[in-house]
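Student: Once you've had a glance at the structure underneath, I'll fire off some questions.
The values are calculated or read from the model by the stated rules, or taken from the named source; none is laboratory data. Since the model is a prediction, treat every value here as computed from it, not as a measurement. Note that we place each Cβ from the backbone using ideal geometry, even for glycine, and neighbour counts take in every protein chain shown. Each accessible area value is taken on the protein alone, full model and side chains, heavy atoms only, with ligands, DNA and RNA left out. Shrake-Rupley method; radii C 1.70, N 1.55, O 1.52, S 1.80 Å.
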Amino acid sequence: MELIVYSSPWCGDCREAKRWLAKHSIPYREINIEESDSAAAEVVKNTGKRAIPQFVINGKWVQPYVPGQGFKYEEMAELFGVSPG
């Protein structure tokens, strides 16, 4: 499985998503939208919005959180085949 995480250091939801991935030993490649000129445009092009974090799992874009509500623990656990905790 190839996982790319679009994120930024100032993003609390991004930090939570990366903590969750680390807790479950899920490897990923991070693209910091602040360091890549084209990364933010890539997010908008593929999702229609300026929202991070975004996961790209084997080429499929997935938003791992609900704005204002936080990380989708149950849904991501099912998607990655791990326990939700």
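Student: Trypsin sites (Lys or Arg not before Pro), restricted to the chain: which are DSSP loop and have at most 11 other Cβ atoms within 10 Å?
Tutor: LYS49, ARG50
Student: Rounded to two decimals, what is Rg over Rh for segment 7-52 when you use alpha-carbon atoms and the Kirkwood radius?
Tutor: Radius of gyration relative to Kirkwood radius: 0.99.
Student: Turning to a different aspect of this structure: Which value, in Å², gives the accessible area per residue of the chain when a 1.4 Å probe is used on the protein heavy atoms?
Tutor: 59 Å²
Student: Run the Debye formula on the Cα coordinates of the chain, all scatterers equal and no solvent, and tell me log10 I(q)/I(0) at q = 0.12, 0.25 1/Å.
Tutor: For the chain at q = 0.12, 0.25 Å⁻¹, log10 I(q)/I(0) is -0.31, -1.42.
Student: Another one. On the accessible surface of the chain, probed at 1.4 Å, how many percent belong to carbon and sulfur atoms?
Tutor: Carbon and sulfur atoms account for 48 percent of the accessible area of the chain.
Student: At ARG19 and VAL62, where each label point lies 7 Å from the Cα along Cα→Cβ, what is the point-to-point distance in nanometres?
Tutor: It works out to 2.0 nm between the two label points.
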